[in-house]
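The values are calculated or read from the model by the stated rules, or taken from the named source; none is laboratory data. Just so you know, these numbers come straight off a predicted model, no measurement behind them. Quick reminder, even Gly has a Cβ in these numbers, built from the backbone with ideal geometry, and neighbours come from all protein chains shown. These accessible areas exclude ligands, DNA and RNA; they are computed on the full protein's heavy atoms, side chains included. Shrake-Rupley method; radii C 1.70, N 1.55, O 1.52, S 1.80 Å.
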Amino acid sequence: MAVKTLYTVVVADDEDVLREAVCSMVPWQELGFSLVGSASNGLDALQLVEKLEPDLLLTDIRMPFISGIELARQVREIRPAMNIAFLSGYDDFEYAKQAIQYNIISYMLKPLTIDGIAAELKVIHQKIDAQFARFRQAAEEQAAGQAPARQDGRAAFLMPLVLDEYAEPDPNSVSYAVECGLLRDRDDTPSYTVMVSMLQGDNGANCTTPSFTATLDTVAAKYLRGASFFTADRAVTVLLGNPSDFDEYLHILADEVVQIAARVLNSRCRIGVSRRTASLSGLHNAYREAMDALRQGDPSEGGVQFIGDLLPAVKGGSGLCQRALEAIDQHYMEVDLSLVSLSGMLDVSPNHLSACIKKYAGETFINILIRKRMEAARKLLETTSLRIQEVSDRCGYTDQHYFSYCFKKYCGESPNALRRRLNQAEMEARR
């Protein structure tokens, strides 16, 4: 019998009985999964996803504090290659459709039986196997000499514009770009970005092959238009879209490539990304920027480097981490503070900021934010007579129940218990 690949999974459901039954009674290993964590609400689940980086999140849609839909959206920001399966009632099906873009691999209707969940997990395992196989197949065929280097009309058109310093679009370039499918029509005027990707083995040696362009094009097609080609031991991707598309999707796309390379191809992926350019004539300069970003990244580490993250120097290293910590100190009370909004304040990409914080602070953004909020809350509870809801509001929580939950989890006692203890101590001191 073939040995199943074990995929890691986190379970999130606020129904304690159901969650505990799923965690304890589902034969996870027999089904090809390893249960690595569980959570009773969406925000705890998000912390687990950031810390454990599972292959699958099995989550209820309706949960306290943040819904499964919002959880799926935020998960995509940090683990875009991860799959999500929803557990929920029939009435939520229409509601769940809005999350299809967030890698929803399954929708399981309650009431559920353990046998029913097990049967669906078998299907999910097969689907993830198929996803992985699609990415591996091209690489294996290329290694065996069974597949030619991938090339199409779009890549052939773009290659000289990207690589040749002196190449310029001729009067027929727009017509040909439309003909080969790069542009939608002659009035199509997208922005362009160049992304250069390299795979490295365990020894640090370059192991990029032409077949990697198929992986890049498959991932890119989920978010932006584009075409890839292979040259000089690296893969080059030209991406097209509106500025708003790049703002929303570019860092997610690049992160997904890195995660798939690590999980599926067992390779470390380094990526350099250029600034946007408004025309085909700017592609060579964009390519040089992407190469500069790639060179400035740490060769011993995988990950994405955006040229805008590296210039000036204050945008990288411990200096960026310090600026991020200072910004958290200044903005922790804002309800909508997130990794994405913080990266916008600092004018860097979210993935670059996340990696920088983890490297230099030794913690995730979420954990640092929660600690700051809890320490501020404890100080307010100890030194003011503000009501609990007012303390909650001042520390970035609109939901007092979730604030109390987080406070007890972090401090070991509820806000009310802390107040009672302090009042009791004060009364005894007066005696």
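Tell me whether segment 370-383 contains one or more residues that are modelled with pLDDT of 95 or more, among the small types (Gly, Ala, Ser), surrounded by 16 or more Cβ atoms within 10 Å (Cβ to Cβ) and at negative phi.
yes
Scan segment 384-413 for residues that are on the phi > 0 side of the Ramachandran plot and exposed (fewer than 15 other Cβ atoms within 10 Å of the Cβ) and report the count. I'd like the intermediate steps shown before the answer.
Filtering segment 384-413 for residues on the phi > 0 side of the Ramachandran plot gives 396, 412.
From what is left, the residues that are exposed (fewer than 15 other Cβ atoms within 10 Å of the Cβ) are 412.
Qualifying residue count, segment 384-413: 1.
If I filter segment 274-292 down to residues being of a type outside the set (Asp, Glu) and without any contact (Cβ under 8 Å) to a residue 24 or more places away in the chain, which single residue comes out as nearest to LEU240 (Cα to Cα)?
Of the residues in segment 274-292, the ones of a type outside the set (Asp, Glu) are 274-288, 290-291.
Still in the list and also without any contact (Cβ under 8 Å) to a residue 24 or more places away in the chain: 285, 288.
Working: ASN285: 16, ARG288: 17 Å.
Per the stated criteria, the residue is ASN285.
Being polar (S, T, N, Q), touching a strand residue (DSSP E or B) at 6+ places or on another chain (Cβ under 9 Å) and outside any strand (DSSP E or B) is the filter here; which residues of segment 235-263 pass it? Working first, answer last.
Restricting attention to segment 235-263, the residues satisfying the condition of being polar (S, T, N, Q) are 237, 242, 244, 259.
Filter once more, so that each one left must be touching a strand residue (DSSP E or B) at 6+ places or on another chain (Cβ under 9 Å): 237, 242, 259.
Answer for segment 235-263, where residues must be polar (S, T, N, Q), touching a strand residue (DSSP E or B) at 6+ places or on another chain (Cβ under 9 Å) and outside any strand (DSSP E or B): ASN242, GLN259.
Residues that are at pLDDT 80 or above: list the helices (runs of 4 or more DSSP H) wholly contained in segment 61-160 that include at least 2 such residues. Let's see the steps before the verdict.
Details: elements: 68-78, 93-96, 114-143.
Ranges flagged: 68-78, 114-143.
Note down all Cβ pairs under 6 Å where the first residue falls in segment 336-359 and is farther than 18 Å from GLN47 by Cβ and surrounded by fewer than 20 Cβ atoms within 10 Å (Cβ to Cβ), the second is among the small types (Gly, Ala, Ser) and at pLDDT 85 or above, and they're at least six residues apart or on different chains.
Cβ pairs passing all conditions: MET345/ALA327.
When you look at ARG234, is it out of contact with any Cys (no Cβ under 8 Å at 6 or more places or on another chain), surrounded by fewer than 22 Cβ atoms within 10 Å (Cβ to Cβ) and more than 30 Å from ASP170 (Cβ to Cβ), yes or no?
On the way: out of contact with any Cys (no Cβ under 8 Å at 6 or more places or on another chain): yes; surrounded by fewer than 22 Cβ atoms within 10 Å (Cβ to Cβ): yes; more than 30 Å from ASP170 (Cβ to Cβ): no.
In short, no.
Does segment 34-46 include one or more residues that are within 20 Å of ASN351 (Cβ to Cβ), open to solvent by 30 Å² or more (accessible area, probe 1.4 Å) and among the hydrophobic types (A, V, I, L, M, F, W, C)?
No, there is no match, as no residue in segment 34-46 is within 20 Å of ASN351 (Cβ to Cβ), open to solvent by 30 Å² or more (accessible area, probe 1.4 Å) and among the hydrophobic types (A, V, I, L, M, F, W, C).
Here is a list: ASN416, ASN423, ASN367. Which entry is open to solvent by 20 Å² or more (accessible area, probe 1.4 Å), of a type outside the set (Lys, Arg) and touching a Ser or Thr at 6+ places or on another chain (Cβ under 9 Å)? Give the derivation first.
Details: ASN423 fails: touching a Ser or Thr at 6+ places or on another chain (Cβ under 9 Å); ASN367 fails: touching a Ser or Thr at 6+ places or on another chain (Cβ under 9 Å).
Going through ASN416, ASN423, ASN367 in turn, just one is open to solvent by 20 Å² or more (accessible area, probe 1.4 Å), of a type outside the set (Lys, Arg) and touching a Ser or Thr at 6+ places or on another chain (Cβ under 9 Å): ASN416.
I'd like to know if segment 362-369 contains one or more residues that are of a type in the set (D, E, K, R) and farther than 30 Å from VAL238 by Cβ.
If we filter segment 362-369 for residues that are of a type in the set (D, E, K, R), which is where we start, we get 363.
Now drop any that are not farther than 30 Å from VAL238 by Cβ, which leaves 363.
There is at least one residue in segment 362-369 that is of a type in the set (D, E, K, R) and farther than 30 Å from VAL238 by Cβ.
Mind listing whichever residues of segment 47-61 are of a type in the set (D, E, K, R) and buried (at least 17 other Cβ atoms within 10 Å of the Cβ)?
Filtering segment 47-61 for residues of a type in the set (D, E, K, R) gives 50-51, 53, 55, 60.
Answer for segment 47-61, where residues must be of a type in the set (D, E, K, R) and buried (at least 17 other Cβ atoms within 10 Å of the Cβ): GLU50, GLU53, ASP55, ASP60.
Between a first residue in segment 97-122 that is more than 30 Å from TYR223 (Cβ to Cβ) and a second residue that is assigned to a helix (DSSP H, G or I) and open to solvent by 30 Å² or more (accessible area, probe 1.4 Å), which pairs have beta carbons less than 6 Å apart while being 6 or more apart in sequence or on different chains?
ILE114/MET25
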